[in-house]
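Reviewing the structure listed below.
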Amino acid sequence: MSEKTLELEERKVGKDLYSYQKAAISKIFKSFDEAPDDYHLLYQLPTGGGKTVIFSELVRQYLKHHKKKALVLTHRIELCKQTSNMLTEFEVTNKVVDSKANLDDQNNYSCFVAMVETLNNRLNDDKFDISDIGLVIIDEAHYNSFTKLFDFFSKSFILGVTATPLSSNIKLPMKDNYNELIVGETIESLIENEFLARAEIFSYNVGLTSLEVGANGDYTVKSSEDLYTNNEMLGKLVNAYELHSKGKKTLIFNNGINTSIQVYQSFKAAGYPIAHLDNTYSKKDRKMVLKWFKDTPHAILTSVSILTTGFDEPTVNTIILNRATKSLGLYYQMIGRGSRILKNKATFTVIDLGNNMHRFGPWGADLDWQQIFKSPNYYLDKILSDEELESNFKYEMPSELRKEFSKSQEVYFDIKKMYIESVSKGESSKVVLERSLKQHAKICIENSEDVYDAFELSKKLGDDIDYRIERYTKCICRSTHNFVTWLKEDYRTKLRLYLRDNFDRDFEVIHGRPPEE
């Protein structure tokens, strides 16, 4: 391609391209000129940066200056249709190669859009002529299902595009399938230049050691369902929503259909407008739910494995990660669903109930994608395990709750430090919980006028109690689910009994006067 064609001419069709998008196309075309025909190039750009716009314009220019054809591959049928529509906006006549497509007229088209599995079947059946395909574009290239097709296109220039150039399968690193990575604009740059909204993240410390990792390297649905469907986690979810996002359009991501249904029932019972969506819904029902979500101002949508890619609803103001993941790509995709900017939307809220921010860092952090691409195992080995993450947690009372304990100078109690001190003195480990309980009682009494006030405050210490019990059981190396559950209930009962039996005495000691009658 000549230098002249590298200059992106102004167009009156399709979408206007931003300067960084034009720069990306120029870099990619430079590789066309300098690399061999069978070169594999990977391009990274954050979710919301306009990857589909970029490769649609790329296809338009490629077809204009070459006599070969182009093929765009996706991993979901919805993405096929969205991609086809975008190409049409750029005046690229294209044909979707799905399972029902009649290919008798394929010679009339210079661009095709296909889902990877469908195309694989058509190629194995020898029903699709690819002899003239010069450019292959792979959307969401971090998925590994595309690699099975590479042998069919041994003489084509392959361009993979992704927001996260880290393979979904650690055994199949992307550097083995791509010769080079071009890194696009950073999330921070897109935010600074008002292309994306900034995320305000509220992360809750969650005990995840009960979760199990499956063959795909991520947490299993079964172990996730067991954790996220218990009343404690469902209550924490609703409380987090009410504290940070009440009245905002909210998208909740779960790991498991049953979890999402339980979330739906919890919010419904609390009187909030909510719908559930999963991949078993028909096309008609899915469309109906998404229309309701778009049209309803304060809607909540709880979902499973369906809206992480190809879903674009700019009015989303809150993303709730009601799940944990070990996938950096999934973490960025989920949060990216809320990053679309609007005239009256410069920020959006993220509520993390899976320790994901502790694991991967804040969304938009300055990641070295080149190093991750070249040395994925080095990056993955640095990610802390759940045990390591949780050992570093320090409970911090939410600001709204801290106001109710404003008369107490200190509300934190270091279980691990107290355990080490007690053991070194030859004391029983039980004294740790006894001292913790008295400190909880003290802060309740300091901020109450009568025992009933103290009872009500003690009920609000659930997260702190759970944190202390979990830290304690790790110290004594006894953390079976049944034992931890029993100990949490026993602690709450003893705290209430202590307040009942000792409130008057402790109140007078603390305040220097008898409590109100």
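Nothing in this text is a laboratory measurement; each read-out follows from the coordinates by a stated rule. The structure presented is a predicted model; accordingly, all values stated were derived computationally and were not measured. Every residue, glycine among them, receives a Cβ derived from its backbone with ideal geometry; neighbour counts consider all protein chains shown.
Worth a mention:
- Scaling the Cα radius of gyration of the chain by the globular reference 2.2 N^0.38 Å produces a ratio of 1.17.
- Which of P362, N124, Q61, positive extreme of dipole for the chain (C-beta unit charges): N124
- Note on segment 194-389: with charges restricted to the Cβ of Lys and Arg (+1) and Asp and Glu (-1), its dipole about the Cα centre is near 960 debye.
- Segments 122-135, 152-165, 98-111 sorted - mean Cβ within 10 Å per residue, highest first: 152-165, 122-135, 98-111
- Angle of helix 415-424 to the longest C-alpha principal axis of the chain, folded into 0 to 90 degrees and rounded to 10: 50°.
- Estimated distance in nm for a label pair at N279 and T480, the labels positioned 7 Å out from Cα along Cα-to-Cβ: 3.6
- Calculated FRET efficiency for the pair K442/K345, C-beta based, R₀ 35 Å, to 0.05: 0.20
- From the alpha carbon centroid of segment 438-517 to that of segment 77-116 is 64 Å.
- Spherically averaged projected area of segment 3-185 from its Cα convex hull (nm²): 9.9
- Residues M334, M288, M418, sorted so that the one with the fewest Cβ neighbours within 10 Å comes first: M288, M418, M334
- Neighbourhood charge, 15 Å Cβ-Cβ cut-off, centred on P173 and excluding it, Lys, Arg +1 and Asp, Glu -1: 0
- In order through segment 189-195: 3J(HN,Hα) via Karplus (6.51 cos²θ - 1.76 cosθ + 1.60), integer Hz, x for Gly, Pro: 5, 5, 5, 4, 8, 6, 9
- Amide H within-cut-off set for I138, under 5 Å, with H built and near neighbours excluded: L73, L159, G160, V161
- Between S391 and S429, the simple spin-label model (points 7 angstrom out along Cα→Cβ) gives 1.6 nm.
- Label-to-label distance, K416 versus S19, with points set 7 angstrom from Cα along the beta-carbon direction: 4.8 nm.
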